[in-house]
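The values are calculated or read from the model by the stated rules, or taken from the named source; none is laboratory data. Since the structure is predicted, the reported quantities are computational estimates derived from the model, not experimental observations. All Cβ positions, glycine included, derive from the backbone under ideal geometry; neighbour counts span all protein chains shown.
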Amino acid sequence: MKINKLSLLALLGVFILNSCSNDDDNLEPLPEGDYTDGFFVTNEGMFEGRGTVSFISDDLQTSDIDVYSTVNPSESDLGQFVQSIFFDEDNAYVISNGSNYITVVDRYTFEYIGVIDSELSIPRYGEVVNGKAYVTNQGDFSTGADDYVVVIDLETLTVENTLIIGNKIDKLEEEDGLIYIQGSAFNDGNSINVLDPTSNSITTTYTTEGSLNSFDIEDGFIYALTRKDVEGTDPLEKVAYLEKIDLATGNRSTQIVFSQATSVAKNLTIEDDTIYYMIGTSVYKIALSTSEEPLQDLLTFSGNLAYGFDVEDDRIFIAQGTFDSDSFVEIYSTNGSLLKNITVGLGPNGFYFN
Amino acid sequence: MCAGFLYSQERTVTPLDSVYLTDSKLKEYSTGRDVLTLSDSILYQNRALLTNTLNFNTPIYFKENGLGMVSSPSFRGTTASQTAVLWNGININSQFNGQLDFNTINTGAYNEISVRGGGGSVVYGTGAIGGSVHLNTTLSFEKLHEHNLFLQYGSYTTRDARYTFKLGTDQWSLNLALSRNSSDNDYEYPNGGENLNGQFENTAFNVGLGFKINDKNSIRIFSELFDGERHFSLIRASETATKYQDLNSKNLLEWESSFGDFISVTRLAYLDEHYKYFGNLNYDSFTFGRAKTFIAKYDLSYSVLDNLTLNTVLTNTNTTGEGSSLGENDRNIFAAALLMKHQLASDFKYELGFRKEATANYDSPFLFSVGATKDFSDFFSLNVNASRNFRIPTYNDLYWSSAGNPDLLPEKSLQGQIGAVFNYRSLRLNITGYYNSVTDMIRWLPGSDGVWRPVNEDEVQIYGLESGLNWFKTFKNKHRFSLNATYAYTISENKETGYQLIYVPFHKVTAGMNYNYKRLHTNLQFLYVGEVFTRSDNNSRYNLDPYTVGNFSMGYRFGKSEQFELGGRINNFFDAEYQSVENRWMPGRNFTMYLNFKL
């Protein structure tokens, strides 16, 4: 009886909502699906296992540790080491860098659509520009010379072009129609390659002074966290730099020289003219123009390894690097207070927002 | 074929004087424990790779990444590097990771494989914590001229050829073994997939040569070459294909000399361990590791009295290792051991052992072993043994580029066991209970900078039961039955969290049954492995299901003196769908035929 009442209420609810949106024909149809309001967490999974994707609702009240299996119980899995997700308007593309394929799902329902599984070799990250996907590939680990970007036709889910970049590559970011590729992997490399999707060629390569950890672009400038070893120290100390590159002139300047340490600044991300980064398990927050190292951290993560980090819509997201059991993520407000700790899959490494 | 199993303790064994085993300590210093010996007839009933033989016949649990792929043991609930593997008494665990991959051993190279549960570091050095596995070449000093050719062909184009040649007189002895095993290994998965890129091949050549110079002096040489290449199977077709090559040689020269009440054995050994890993077959590049180990050993035993023996063993081990992420490093370890064995009465004996190592590499703990056996009647005897053992940090642990930790301590184990043996006519039952506390376990963990480094982290406590049953019976002089079974119950838990270690089943059972009638021979094998955890928090959502696998073989002997045996085998006749590692299916029902020819 209870169930019937609830079902009725749910039906009515849908009816009412539908009527509301039907009232106004000018409104874009809202995306429909269980995963419309919330974000995904990519989980690498065990070495011998499969990666997974967890979903957490925007209000942080509901979550699903393995949303792909929930929706698609009979499809083949997401592959070994789920590395990242990229989106276009309708779809989410889930990259498995151990299995060399990309699973295509509806970004709002997570229903399986198809798979891209040729010409990928250790794929890492992707971006969609003008209806084409650009995905970085590392190929042979021992060298950057063969690292390449594939251009994928998203209509046919096939690779239509392969662009050898020639140095180690990793994350990429679209800005004003150009693709900025992090020319380093695991802190090895010191370039940012700019790919022009209209010509499918590298038009500019910026170099950083230290080896590149992470970068972001804001108001015509690249902000990059880099590092250098301090010779003669044991244990080895490093010094981190905040470098700033003017996209218009290519001029490079050092904005902050951090104090040296065994563990240095990493994971730079810019949100609302504020730079966020981490040292060890601490999060720091500085204004875009600051040239001083902050004295105080904003918050300290409760885990022992911050493996994934992001800032979005006034919230800070940190994933704990646990690789022998299911792990957790923590969500903080941008003033540093903990909002929620939520269980996710094994080896969570990134956040992707719907 | 005879039963093939032999449970030995010194009490029950009357070794033939004519058969020489260079790993004599296994027989002489195993007071207080059971040694399970698999003879060549058991070896012929299994695949050529050591994993398969031990999995179906001993309590050791194996984690195998698909048939023939990387395989690591868990013996009495310990980790992969806590089982020592001895080749003719020489420790051959890898210098790089401290383990032996049990699918890189071709059993056709040996005529006897023994397994001993419990610590053995006093005699066998690093890694003998859960137990030890002994690969032996015996030499027979008697008039002998024997060829044996065993050929086997089966599903997935699996070829297995083993040839042995034994030649002997009362003065000298030759034991030569040549063995080759290859397979396309392209079996189907239960979910419709296929085992892609899983092909492997290996060749092993082993020779033992002994010469008695005179009554007091003899010289022996043992040598082995193993050459193997394995492709690592893919779970999904688009994955990056990889392969692994091993080229290992092992060489041992020994001179035994007796004078008065002393016997001395001087041994020189040279081991060459060389691997190449091709991380992407689309490219030529590979990573490698190579370790050359030179061992000099002086073993002196003194019969103080008829029933009391003292034994000192001095060993110097020098290793030069290099590898892609390791640079080149030398290490030298000097070890001194003192052993004593005393038959106090006809029904009671005990032994003591001590060992201490000197090396600049790690802080070496003082090791000991004490064991005793008491016979209460012809039916019943009790054993006790206690020991302190260790596993030293490996080359990878110490020297891995920007991650190695030079301050690591050895893993240490303090353990005790008590065993009861019941003998009634042809029935033998042994039950051993043990407790093992392992501290300073070396684990690779990610630091806050994301770099994985080895640290002495966990403490593990392990306790359990190990049991073996052997029985044979002949009816009307024609029908011969035999049964060999083992059962292991294992609790192995992280002391801090209380959780069972991953990939350690609570239960494992093996059973082998033989029936012989005239020239007909049949054999049934069963293996049961209980559920295992795959997550450190024992989240049962991710457990691997228990499985039961059965094999059946039948053979018939032809020829005037029954010198040919022709037979066939059904492996996994239940067609069980099983995996011992997450996502790594093992083959379903498959078939082999064999020919065994003796001359």
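At-a-glance table
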{"item": "Within the range B:338-369, considering residues that are of a type outside the set (Gly, Ala, Ser) and assigned to a loop (DSSP other than H, G, I, E, B), the one modelled with the lowest pLDDT", "result": "B:Asn361"}
{"item": "Any helices (runs of 4 or more DSSP H) falling wholly within the range B:23-74 and containing at least 1 residues that are farther than 23 Å from B:Asn583 by Cβ and modelled with pLDDT under 90", "result": "B:25-28, B:40-44"}
{"item": "A:Ser142 being within 12 Å of chain B (Cβ to nearest Cβ) and either of a type outside the set (A, V, I, L, M, F, W, C) or more than 17 Å from the chain's Cα centre (by Cα) (or both)", "result": "yes"}
{"item": "Qualifying residue in the range A:213-222 (condition: within 25 Å of A:Asp314 (Cα to Cα) and of a type in the set (Phe, Trp, Tyr))", "result": "yes"}
{"item": "Output for the range A:187-215, where each listed residue is among the acidic types (Asp, Glu) and more than 15 Å from A:Glu174 (Cα to Cα)", "result": "A:Asp188, A:Glu209"}
{"item": "Options A:Glu231, A:Glu243, A:Glu237; residue that is more than 14 Å from every other protein chain (Cβ to nearest Cβ) and touching an Asp or Glu at 6+ places or on another chain (Cβ under 8 Å)", "result": "A:Glu243"}
{"item": "Check on B:Thr486, on the phi < 0 side of the Ramachandran plot and more than 20 Å from the chain's Cα centre (by Cα)", "result": "no"}
{"item": "So B:Asn436, is it polar (S, T, N, Q), in a strand (DSSP E or B) and touching an Asp or Glu at 6+ places or on another chain (Cβ under 8 Å)", "result": "no"}
{"item": "Within the range B:529-577, considering residues that are among the aromatic types (Phe, Trp, Tyr) and under 26 Å from A:Arg50 (Cα atoms), the one surrounded by the most Cβ atoms within 10 Å (Cβ to Cβ)", "result": "B:Phe533"}
{"item": "Count of the range A:74-106 residues which are under 16 Å from A:Ile152 (Cβ atoms) and not aromatic (Phe, Trp, Tyr)", "result": "17"}
{"item": "Candidate set: the range A:127-147, residues that are among the hydroxyl-bearing types (Ser, Thr, Tyr) and at pLDDT below 95; chosen: the one nearest to B:Asn280 (Cα to Cα)", "result": "A:Ser142"}
{"item": "Residue check for A:Val151: surrounded by fewer than 23 Cβ atoms within 10 Å (Cβ to Cβ) and either outside any loop (DSSP other than H, G, I, E, B) or away from chain B (no Cβ under 14 Å) (or both)", "result": "yes"}
{"item": "Residue in the range A:70-78 that is in contact with a Leu (Cβ under 6 Å, 6 or more places away or on another chain), within 30 Å of B:Tyr189 (Cβ to Cβ), more than 14 Å from chain B (Cβ to nearest Cβ) and modelled with pLDDT of 50 or more present", "result": "no"}
{"item": "Selected residue (criterion: farthest from B:Asn583 (Cα to Cα)) from residues of the range A:126-148 that are touching a residue at least 40 places away in the same chain (Cβ under 8 Å) and in contact with a Gly (Cβ under 9 Å, 6 or more places away or on another chain)", "result": "A:Asn130"}
{"item": "Selected residue [closer than 30 Å to B:Ala337 by Cα and more than 14 Å from chain A (Cβ to nearest Cβ)] from B:Asn423, B:Asn477, B:Asn430, B:Asn484", "result": "B:Asn430"}
{"item": "One residue from B:Thr534, B:Thr497 being within 14 Å of chain A (Cβ to nearest Cβ), more than 27 Å from B:Arg236 (Cα to Cα), in contact (Cβ under 8 Å) with a residue 40 or more places away in the chain and assigned to a loop (DSSP other than H, G, I, E, B)", "result": "B:Thr497"}
{"item": "Any hit, the range B:444-453, residues being buried (at least 17 other Cβ atoms within 10 Å of the Cβ), assigned to a strand (DSSP E or B) and either away from chain A (no Cβ under 14 Å) or touching a helix residue (DSSP H, G or I) at 6+ places or on another chain (Cβ under 6 Å) (or both)", "result": "no"}
{"item": "Looking only at the range A:260-279, and only at residues there that are surrounded by fewer than 18 Cβ atoms within 10 Å (Cβ to Cβ) and more than 14 Å from every other protein chain (Cβ to nearest Cβ), the one that is farthest from A:Thr334 (Cα to Cα)", "result": "A:Asp273"}
{"item": "Residue among B:Ala291, B:Ala335, B:Ala372 that alone is aliphatic (A, V, I, L, M), within 21 Å of B:Glu411 (Cα to Cα) and either modelled with pLDDT under 95 or assigned to a strand (DSSP E or B) (or both)", "result": "B:Ala335"}
{"item": "Members of the range B:46-88 found to be out of contact with any helix residue (DSSP H, G or I) (no Cβ under 9 Å at 6 or more places or on another chain) and on the phi > 0 side of the Ramachandran plot, listed by number", "result": "B:Gly66, B:Gly77, B:Asn88"}
{"item": "Qualifying positions in the range A:294-337 - exposed (fewer than 15 other Cβ atoms within 10 Å of the Cβ), within 14 Å of chain B (Cβ to nearest Cβ), assigned to a loop (DSSP other than H, G, I, E, B) and not small (Gly, Ala, Ser)", "result": "A:Asn304"}
{"item": "Qualifying positions in the range A:156-206 - in a loop (DSSP other than H, G, I, E, B) and under 20 Å from A:Lys244 (Cβ atoms)", "result": "A:Lys171, A:Asp176, A:Asn187"}
{"item": "Where a residue in the range B:467-492 is under 15 Å from B:Tyr434 (Cβ atoms) and its partner, wherever it lies, is of a type in the set (D, E, K, R), with Cβ under 7 Å and at least six apart", "result": "B:Gly468/B:Asp34; B:Ala488/B:Glu466; B:Ala488/B:Lys508; B:Thr490/B:Arg76"}
{"item": "Residue in the range A:338-354 that is surrounded by the fewest Cβ atoms within 10 Å (Cβ to Cβ), counting only those that are under 24 Å from A:Glu48 (Cα atoms) and polar (S, T, N, Q)", "result": "A:Thr343"}
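The rows are residues; the columns are (1) within 14 Å of chain B (Cβ to nearest Cβ); (2) among the hydrophobic types (A, V, I, L, M, F, W, C).
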{"position": "A:Ser84", "(1), (2)": "no, no"}
{"position": "A:Asp88", "(1), (2)": "no, no"}
{"position": "A:Gly98", "(1), (2)": "yes, no"}
{"position": "A:Thr109", "(1), (2)": "no, no"}
{"position": "A:Tyr112", "(1), (2)": "no, no"}
{"position": "A:Asp117", "(1), (2)": "yes, no"}
{"position": "A:Ile122", "(1), (2)": "yes, yes"}
{"position": "A:Asn130", "(1), (2)": "no, no"}
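Residues checked against (1) out of contact with any helix residue (DSSP H, G or I) (no Cβ under 9 Å at 6 or more places or on another chain); (2) surrounded by 24 or more Cβ atoms within 10 Å (Cβ to Cβ); (3) in contact (Cβ under 8 Å) with a residue 24 or more places away in the chain; (4) not aliphatic (A, V, I, L, M):
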{"site": "B:Ser94", "(1), (2), (3), (4)": "no, no, yes, yes"}
{"site": "B:Asn103", "(1), (2), (3), (4)": "no, yes, yes, yes"}
{"site": "B:Val115", "(1), (2), (3), (4)": "no, no, yes, no"}
{"site": "B:Phe165", "(1), (2), (3), (4)": "yes, no, no, yes"}
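Each row is one residue, and each column tells you yes or no for (1) loosely packed, with under 15 Cβ neighbours inside 10 Å; (2) over 19 Å from A:Asn187 (Cα atoms).
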position: A:Glu231; (1), (2): yes, no
position: A:Val239; (1), (2): no, no
position: A:Leu242; (1), (2): no, no
position: A:Gln255; (1), (2): no, yes
position: A:Phe258; (1), (2): no, no
